[in-house]
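The structure under discussion appears below in the form of structure tokens.
The values are calculated or read from the model by the stated rules, or taken from the named source; none is laboratory data. Because the structure is a prediction, the values reported are computed rather than measured. When we count neighbours, we look across all protein chains shown, and the Cβ atoms used for this are built from the backbone with ideal geometry, even at glycine. These accessible areas exclude ligands, DNA and RNA; they are computed on the full protein's heavy atoms, side chains included. Shrake-Rupley method; radii C 1.70, N 1.55, O 1.52, S 1.80 Å.
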Amino acid sequence: MQLSLSASSLHDRDVFSKSDPMVVIYTKGRDGTLTELGRTEVILNSVNPSWITKHTITYHFEFVQTLIFRLYDVDTQFHNIDVKMLKLDEQQFLGEATCALSEIMTKKDRSLIIDLSHREDSTRATRPQNCGKITVHAEESISSKTTIEMTLSCIDLEYKDLFSRSDPFLVISKKVETGVIIPVCKTEVIKNELRPMWKPIFLSIQQAGSKDQSLIIECFNFNSNGKHDLIGKVEKSLAELEKLHSSKQGEHLFLATAVGNHQENKVLKSRLFVDKFTESVQHTFLDYLAGGFELNFMVAIDFTASNGNPRLPDSLHYIDPSGRPNAYQRAILEVGDVLQFYDTDKRFPAWGFGARPIDGPVSHCFYLNGSSHYYEVEGIQGIMMAYTSALRNVSLAGPTLFGPVISYAASIASQSLANGGRKYYILLIITDGVVTDLQETKDAIVKASDLPLSILIVGVGGADFKEMEILDADKGGRLESSSGRVASRDIVQFIPFRDVQSGEVSVVQALLAELPSQFLTYVRTRDIKPNV
């Protein structure tokens with residue numbers, strides 16, 4: 001994205017002339033640290049400046065990107081110095097503004113006007129009443145609208161199955177700034193084949209980061225239990241894959257093997273070929289957002305007895321008096337904080353399942369707010385309050401059934417579609433155990449795969465989540481219903497919470513990274529165009 005900046009009604013700090021303003025742009029990390037993104041030029045004698053310098057930032061759907069804009073009046077004696085060399089403590093501070101990049105992206109014209117304010121450390125006596133406003137406009141660069149279509153194949157794959165050839169599929173991942181590996185697309189599984197050629201895959205430059213960003217292409221042998229064998233991998237950028245296609249050369253796969261105390265890459269006989277590589281400009285996820293498409297967040301929480309007594313500290317539902325969030329609360333906050341910007345009314349459907357409401361039978365889909373009439377709550381804090389209230393008002397029971405909440409969410413998406421709504425729904429299910437109604441869940445997911453809906457499942461606690469892996473088509477083939485119908489697309493993402501507690505990968509990044517491509521698969525297969 002390219003950011004353009006202008007301001008209006010800036011405070012005039014100079015005695016005999018107007019201010020000479022400059023903006024410094026920062027990004028704020030999860031830990032609160034600021035990283036300078038760049039500086040504009042200095043505009044002389046203006047309280048309503050429009051800066052020419054544009055700043056480029058890579059948009060990531062999967063986490064909140066907080067931007068801070070600080071304005072300074074640059075003193076006349078420094079006008080001939082390169083802005084990069086200016087010491088900010090020698091300039092007069094005019095005000096600052098902050099926003100999330102996603103707030104700009106969801107505006108129809110991608111322009112956001114923000115009030116400027118003084119930092120808290122300014123004394124009230126010197127703080128001006130009105131610091132003015134800054135307007136931030138974002139434009140998607142044409143390169144990020146470019147979509148690559150690739151056909152990949154392999155030869156000489158190794159046997160991984162005892163009595164048959166391997167069942168290979170590819171997963172393509174990118175490595176983000178923190179070193180975290182995030183899957184961005186995958187192929188179908190080809191059964192019993194050592195020379196597979198997969199169907200074409202589509203990957204936008206925005207998904208990849210850039211054409212020169214290193215991608216990891218892993219070839220797995222599919223196993224129905226969800227534990228797939230890594231056959232080998234290749235690390236190449238899109239630019240390098242394009243060269244492979246031009247040269248018609250194959251790239252040898254490698255496997256990291258332990259040699260003493262370090263890892264070495266063992267080069268394999270197996271090779272990867274790029275049989276097709278074409279570029280085209282297509283509507284992007286951001287085009288649909290600008291065209292008025294919304295993402296609507298829904299949540300369903302597991303209240304089965306296996307979570308443990310909520311009054312005891314070893315329970316997964318224990319509410320810590322110190323305010324430290326439990327795993328359920330963390331998952332709600334982390335996913336909700338990202339998705340809330342894409343939902344205009346911020347009214348979120350919230351359900352519980354696997355509990356007995358007061359004086360009633362066990363329910364596998366009850367309204368989290370305790371109402372019998374409406375299932376929506378106000379904002380992410382509304383979900384948190386309804387959750388803690390529900391813990392006081394229901395008895396944990398069981399079994400763990402997903403079918404009813406998935407069907408309810410699907411009925412909302414279906415009704416919206418019938419009414420011509422431009423909404424895409426995201427259901428977050430947080431659970432501590434293996435689903436009991438596996439076939440009914442598969443049937444509900446297959447039925448929902450035709451609807452504007454994605455399902456994110458977070459597994460908390462120490463259960464064996466092998467069954468859950470089967471619901472996530474990343475881990476293998478498309479789901480099949482009891483009647484033999486195959487899901488029209490992959491709509492489920494699953495992650496065990498314990499996988500992400502120690503490292504840099506947040507639940508959100510791992511879960512949400514594939515949502516834009518699931519959304520685009522939905523709109524493109526139905527030839528839905530953005531209103532841009």
Query - Ranked order, 252, 373, 245 - accessible area, probe 1.4 Å, largest first - result: 373, 252, 245
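When only DSSP loop residues count, what GluC sites (Glu not before Pro) in segment 158-238 have their Cβ near at most 11 other Cβ atoms within 10 Å? Spell out each step's value before the answer.
Numbers: sites: 158, 177, 188, 193, 218, 235; in loops: 158, 177, 188, 193.
Passing sites in segment 158-238 are 177.
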Query - Simple Cβ-charge dipole of segment 268-379, Lys/Arg +1 and Asp/Glu -1, about Cα centre, in debye nearest 20 - result: 480 debye
Requested in this report: Would you mind checking the tilt of helix 327-339 against the longest principal axis of the Cα atoms of the chain, expressed as 0 to 90 degrees and rounded to 10?
Outcome: 60 degrees
Query raised in the report: How many Å² of accessible area per residue for segment 146-281, probe 1.4 Å?
Result: 50 Å²
Query raised in the report: Can you give me the Cα centroid spacing of segment 246-285 and segment 24-50 in angstrom?
Result: 40 Å
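Given the -39500 (n - 2.57) contribution per DSSP H run of 4+ residues, what per-residue ellipticity at 222 nm results for the chain, rounded to the nearest 500 deg cm²/dmol? The partial results should precede the final answer.
Values: 11 runs with 103 residues, N = 532.
Value at 222 nm, helices only, nearest 500: -5500 deg cm²/dmol.
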Report summary line: With every protein chain kept in place and a 1.4 Å probe, the residues 317, 11, 118 fall, from largest accessible area down, as 11, 118, 317
Query raised in the report: When we measure straight from the Cα of residue 269, which lysines land under 20 angstrom away, once same-chain ones fewer than 8 places off are left out?
Result: 160, 233, 236, 248
Query raised in the report: From the square roots a ≥ b ≥ c of the eigenvalues of the alpha-carbon gyration tensor of segment 314-433, which class results: rounded (a/c under 1.5), prolate (a/b over b/c), or oblate?
Result: oblate
Report task. Would you list, by chain and number, the lysines whose Cα falls below 23 Å from the Cα of residue 107, excluding same-chain residues fewer than 8 positions away? Result -> 28, 54, 133, 145, 346, 423, 529
Query raised in the report: Taking the Cα atoms only, what angle lies between the long axis of helix 238-247 and the longest principal axis of the chain, rounded to 10 degrees?
Result: 60 degrees
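Quick check: net charge around residue 325, other residues with Cβ under 14 Å of its Cβ, Lys/Arg +1 and Asp/Glu -1? Mind showing how you got there, number by number?
On the way: positive: 324, 330; negative: 320, 334, 337.
It works out to a net charge of -1.
Please give the per residue accessible area of segment 314-396, computed with a probe of 1.4 Å over protein heavy atoms only, in Å². Write down the numbers at each step before the final one.
Numbers: 3890 Å² over 83 residues.
Result: 47 Å² of accessible area for each residue.
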**Report entry** Sparse-neighbour loop sites [trypsin sites (Lys or Arg not before Pro); segment 228-277; at most 13 other C-beta within 10 Å; DSSP]
**Finding:** 248
Requested in this report: Please pull out the direction-averaged projected area of segment 146-281, using the convex hull of its alpha-carbon atoms, in nm² to one decimal place.
Outcome: 9.0 nm²
Query raised in the report: Tell me, what % of the accessible area of segment 146-281 is carbon and sulfur with a 1.4 angstrom probe?
Result: 50 percent
Query raised in the report: What percent do you get for the relative contact order of the chain when only Cα pairs under 8 Å and 6+ apart count?
Result: 12 percent
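Need one word for the chain: rounded, prolate or oblate. Basis is the Cα gyration tensor (sqrt eigenvalues a ≥ b ≥ c); a/c below 1.5 gives rounded, then a/b vs b/c decides. If you can, show how the numbers build up before the last one.
On the way: a/c = 1.97, a/b = 1.27, b/c = 1.55.
It comes out oblate by the Cα gyration axes.
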Report summary line: For segment 25-77, averaging the sequence separation of alpha carbon pairs under 8 Å that lie six or more residues apart and dividing by its residue count, the contact order in percent is 41 percent
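Which is the longest run of the chain containing none of the chymotrypsin sites (Phe, Trp or Tyr not before Pro) found in DSSP loop states (not H, G, I, E, B) with at most 13 other C-beta atoms within 10 Å?
On the way: sites that count: 16, 159, 163, 374.
Formally, the longest exposed-site-free interval is 164-373.
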Query raised in the report: If you rank 34, 194 by how much accessible surface each has, with a 1.4 Å probe, what is the order from largest down?
Result: 34, 194
Query raised in the report: In percent, how large is the relative contact order of segment 159-225, given Cα pairs closer than 8 Å and 6 or more residues apart?
Result: 41 percent
Query raised in the report: Can you list the aspartates and glutamates whose alpha carbon sits under 16 Å from that of residue 211, skipping same-chain ones fewer than 8 residues off?
Result: 140, 149, 177, 235, 240, 242, 279
Report summary line: With Cα coordinates, the longest principal axis of the chain makes an angle with the long axis of helix 438-448, in degrees rounded to 10, of 50 degrees
